[in-house]
Amino acid sequence: MGGILGRGPIRIWWRKPLSEAIFRSEVRATGIVDAMPEASATVLVQQPVDTVWEYSLIPDHVAALTPGVVRVERVTDGPVSVGTVWRGQMKGLGRAVDWTGEFTRVDAHTATEFTSTESPLEFAISATFAEVRRGVELTYRIRNAGMGGAVGKVADALAIRAYQRSLAANAKKLPRLVEDWAATR
């Protein structure tokens, strides 16, 4: 059971009832079941896939889309590829948290995955780019380790719902941001 939340170009998908959707279980290669809260948004950007791809790999643009992230910068030189390192800072609940992470997947014009390597809060971000008739559907997913435990699961559920709303609001702005950026390059 699942559904779609939202109308127009912004859609928030879930596969289970909303109460269960905030926890997505994933069995890692180690066989450990890991429940990580996840927020995601899909947005239609009416630009060519190479434009959306290029825009999405600029650190400042990632900060504009990702709720709570106030700074992102490249650590390694060269084009973004597997192993490229970025660092940044996120703020939430009155705290600033510095982090470092690396790209673990970069499939040009198709998908990226980024995972924290040094952070008090483990997180992973993935983006998929699907060419459709009217442009590109960009799906952006953010997972974090959450607090865990019985009390932590309730706190995680509330936090991820608020984060989901912020992500959806940021995603709504993305088509205009890409369009404005593309017009100036």
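Please list, ordered by chain and number, the residues whose modelled amide H lies under 5 Å from the amide H of residue 38; skip anything fewer than 5 residues away on the same chain.
24
Within a Cβ distance under 12 Å of residue 118, other residues only, what is the Lys/Arg minus Asp/Glu net charge?
Neighbour charge sum, excluding residue 118 itself: -2.
Using Cα pairs under 8 angstrom and six or more residues apart, how large is the relative contact order of the stretch 98-150, in percent?
Once normalised by length, the contact order is 26 percent.
Heavy-atom accessible area per residue, the stretch 34-143, 1.4 Å probe: how many Å²?
Here the residues of the stretch 34-143 average 48 Å² of exposed surface.
For the stretch 39-89, what is the charge dipole size about the Cα centre, in debye to the nearest 20, if Lys and Arg each add +1 at the Cβ and Asp and Glu each add -1 at the Cβ?
That gives a dipole near 200 debye.
The values are calculated or read from the model by the stated rules, or taken from the named source; none is laboratory data. As the structure is a prediction and not an experimental result, all values here were calculated from the model. FYI the Cβ positions are ideal-geometry reconstructions off the backbone, even for glycines, and counts take in every protein chain you see. Surface areas here come from the heavy atoms of the whole protein model, side chains and all, with no ligands, DNA or RNA. Shrake-Rupley method; radii C 1.70, N 1.55, O 1.52, S 1.80 Å.
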